[in-house]
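Chemist: Below you will find the structure I want to go over with you.
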Amino acid sequence: MTREQHDVSSLIDDVLCRALARGASDVHFDPTDADLLIRVRVDGQLLDFERVPARLGPNLIARLKVLGSLLTYRMDIPQEGGLAWRPRPSDDSAPADTGRDAAPLDEVTDLRVATFPTIRGERAVVRVFTRQSGLQSLAALGLPPEQVAMLRAAVQQPSGLLVFTGPAGSGKSTTMYALIRDLLARYPERSIVTLEDPVEQRVDRVTQVQIQPHGELSYERCLRSLLRQDIQVLLIGEIRDARTAAVTVDAALTGHLILTTVHSSDPAQTVLRLLEMGVPAYQLVSTLALVCAQRLLRRRCPACPDAAAADCQRCLGAGYAGRTAIAQIVPMTDDLRPVILSHPSAGQLRALMARQSATLAERAEEVVRAGITTADEVGRVLGAVAGT
């Protein structure tokens with residue numbers, strides 16, 4: 001290895017170590033006209049982290065491609081790869097007390113490397129996936145005790161469909177993983193399988209399958225085969241199409257407990273989305289146990305509660321450190337079933353659900369009143385929803 005190669009390798013290690021110590025979920029390497037801009041996503045916000053001389057940019061991207069087992073000579077196509085990476089922290093990359101869920105620096109971390117060609121050269125994004133020691137417990141999500149109890153009661157049922165919804169980065173997968181771990185702690189004899197694209201967190205005593213959506217290992221094919229594998233609980237990363245929706249509901253009908261996600265804004269839209277995918281209403285009301293719509297709000301920094309301090313080591317001047325979940329959890333009830341069977345409008349369904357459970361906006365108001373977050377943060381995350 002030449003001196004320059006050694007320097008590039010050390011720089012990559014240093015950047016990743018410091019990013020992980022800050023609790024980054026993603027690290028961006030963006031070429032500009034003047035340099036390579038490195039940014040990190042912390043608590044859902046993309047922050048400038050470091051600038052590297054432009055001449056080193058291609059070498060840094062090439063090093064990331066080597067780590068991810070990508071083709072270094074192909075710079076004209078998008079590529080994706082993964083690696084199990086053991087940090088080699090420097091003296092200034094020790095974890096700070098940030099209040100965030102920083103990846104441990106003394107164990108292997110799963111990373112996903114994705115590159116993409118641009119007019120200024122290749123850009124790369126490194127995604128951080130948490131292993132066992134970094135997983136959150138159900139109680140640590142920030143949900144109120146009554147909602148935690150509702151989720152626990154639902155996941156302890158022998159069969160049914162639990163659907164989690166929200167935009168990307170709203171904590172859906174984290175909540176499902178927390179439920180799975182909580183279930184295993186109470187019922188270690190349960191047979192649990194996950195189907196994911198990609199596998200985001202490794203969990204002991206759980207069989208985890210990486211889907212190949214453009215290959216032979218599709219969601220639909222895996223689902224049909226797994227029903228003959230004597231499983232009791234199945235976590236499905238996402239219902240993306242009508243065929244996956246049909247097989248998922250069939251699995252719930254045949255005595256399996258299913259946890260999955262759907263991209264929609266609230267519980268009402270989730271139900272309508274499943275109906276639009278072709279799930280018969282009578283099957284949906286027979287299998288759906290609950291819908292959980294979730295968002296993540298940044299917590300106010302406890303070290304500088306009155307105003308963000310530029311020199312605050314906990315929040316780095318952002319005024320926030322860590323995040324808390326808010327959710328609207330709507331269980332299937334006798335009042336809800338006939339309404340769904342009548343194929344209601346979104347407004348009708350939303351109004352009924354709001355009478356049954358607190359909305360996201362109402363939950364957000366509660367955490368603002370408790371001093372956990374701010375009205376500005378609620379407006380940033382919920383937008384117009386906060387005013388409904």
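Chemist: Considering only segment 145-167, state which residues are assigned to a loop (DSSP other than H, G, I, E, B) and either in contact with a Lys or Arg (Cβ under 7 Å, 6 or more places away or on another chain) or without any contact (Cβ under 8 Å) to a residue 60 or more places away in the chain (or both).
Modeler: Of everything in segment 145-167, those that are assigned to a loop (DSSP other than H, G, I, E, B) and either in contact with a Lys or Arg (Cβ under 7 Å, 6 or more places away or on another chain) or without any contact (Cβ under 8 Å) to a residue 60 or more places away in the chain (or both) turn out to be Gln156, Gly166.
Chemist: Cβ contacts < 6 Å: first residue within 15 Å of Arg123 (Cβ to Cβ), restricted to segment 59-79; second residue part of a loop (DSSP other than H, G, I, E, B), any location; separation 6+ or different chain. Result?
Modeler: Final answer for the pair search is Ala62/Thr72; Lys65/Thr72; Gln79/Leu70.
Chemist: Further, regarding this structure: Please specify each residue of segment 252-276 satisfying the condition of being hydrophobic (A, V, I, L, M, F, W, C) and modelled with pLDDT under 95.
Modeler: Once the filter is applied, which keeps residues that are hydrophobic (A, V, I, L, M, F, W, C) and modelled with pLDDT under 95, segment 252-276 yields nothing.
Chemist: Next question, about the same structure. Under the condition of being hydrophobic (A, V, I, L, M, F, W, C) and either in the same structural domain as Arg323 (by TED's automatic domain parsing) or more than 22 Å from the chain's Cα centre (by Cα) (or both), which residue from segment 28-37 is surrounded by the fewest Cβ atoms within 10 Å (Cβ to Cβ)?
Modeler: For segment 28-37, the residue satisfying everything is Ala34.
Chemist: Every residue in segment 123-138 that is closer than 11 Å to Gln201 by Cβ and modelled with pLDDT of 70 or more, please.
Modeler: Val128, Phe129, Thr130, Gln136
Chemist: Might you let me know whether segment 256-270 holds any residue that is of a type in the set (Asp, Glu) and over 20 Å from Ile329 (Cβ atoms)?
Modeler: No; the residues of segment 256-270 include none that is of a type in the set (Asp, Glu) and over 20 Å from Ile329 (Cβ atoms).
Chemist: Another question about this same structure. Identify, from the list Ala307, Ala303, the residue that is touching a strand residue (DSSP E or B) at 6+ places or on another chain (Cβ under 8 Å), surrounded by fewer than 17 Cβ atoms within 10 Å (Cβ to Cβ) and modelled with pLDDT under 95.
Modeler: Ala303
Chemist: Still on this structure, I have one more. Please tell me if Arg205 is surrounded by 15 or more Cβ atoms within 10 Å (Cβ to Cβ), in a loop (DSSP other than H, G, I, E, B) and basic (Lys, Arg).
Modeler: Taking the combined requirement at face value, the residue does not satisfy it.
Chemist: Can you pull out the helices (runs of 4 or more DSSP H) entirely within segment 259-355 that have at least 2 residues that are hydroxyl-bearing (Ser, Thr, Tyr) and either under 30 Å from Ala21 (Cβ atoms) or in contact with a helix residue (DSSP H, G or I) (Cβ under 9 Å, 6 or more places away or on another chain) (or both)? Give the derivation first.
Modeler: Values: elements: 267-276, 281-287, 336-341.
Passing ranges, in order: 281-287.
Chemist: So in segment 214-246, with the set limited to residues that are surrounded by fewer than 17 Cβ atoms within 10 Å (Cβ to Cβ), polar (S, T, N, Q) and touching a residue at least 12 places away in the same chain (Cβ under 8 Å), which one is nearest to Asp182 (Cα to Cα)?
Modeler: Gln232
Chemist: Something else now. Could you grab me the full set of residues in segment 38-57 that are touching a residue at least 40 places away in the same chain (Cβ under 8 Å) and either in the same structural domain as Gln210 (by TED's automatic domain parsing) or over 17 Å from Ala114 (Cβ atoms) (or both)?
Modeler: Within segment 38-57, Val42, Asp43, Gly44, Gln45, Leu47, Val52, Leu56 meet the criteria.
Chemist: Could you say whether any residue in segment 224-245 is of a type in the set (S, T, N, Q) and under 22 Å from the mean Cα position of the chain (by Cα)?
Modeler: yes
Chemist: Please give the number of the condition Val249 fails out of (1) surrounded by fewer than 22 Cβ atoms within 10 Å (Cβ to Cβ); (2) in contact with a helix residue (DSSP H, G or I) (Cβ under 8 Å, 6 or more places away or on another chain); (3) closer than 27 Å to Arg186 by Cα.
Modeler: Result: Val249 fails condition (1) only.
Chemist: Is at least one residue of segment 156-168 touching a Ser or Thr at 6+ places or on another chain (Cβ under 9 Å) and modelled with pLDDT under 90? I'd like the intermediate steps shown before the answer.
Modeler: We begin by selecting, within segment 156-168, every residue touching a Ser or Thr at 6+ places or on another chain (Cβ under 9 Å); these are 159-167.
If we keep only those that are modelled with pLDDT under 90 too, we end up with none.
For segment 156-168, residues touching a Ser or Thr at 6+ places or on another chain (Cβ under 9 Å) and modelled with pLDDT under 90: absent.
Chemist: While we're here: Residues being in contact (Cβ under 8 Å) with a residue 40 or more places away in the chain and crowded, with 19+ Cβ neighbours inside 10 Å: count how many of those fall in segment 273-300.
Modeler: 16
Chemist: Got a number for residues in segment 331-357 being among the acidic types (Asp, Glu) and closer than 19 Å to Phe164 by Cβ?
Modeler: 0
The values are calculated or read from the model by the stated rules, or taken from the named source; none is laboratory data. Keep in mind it's a predicted model, so treat the numbers as computed, not measured. Using ideal geometry, Cβ is built from the backbone for each residue, glycine included, and neighbour counts are taken over all protein chains shown.
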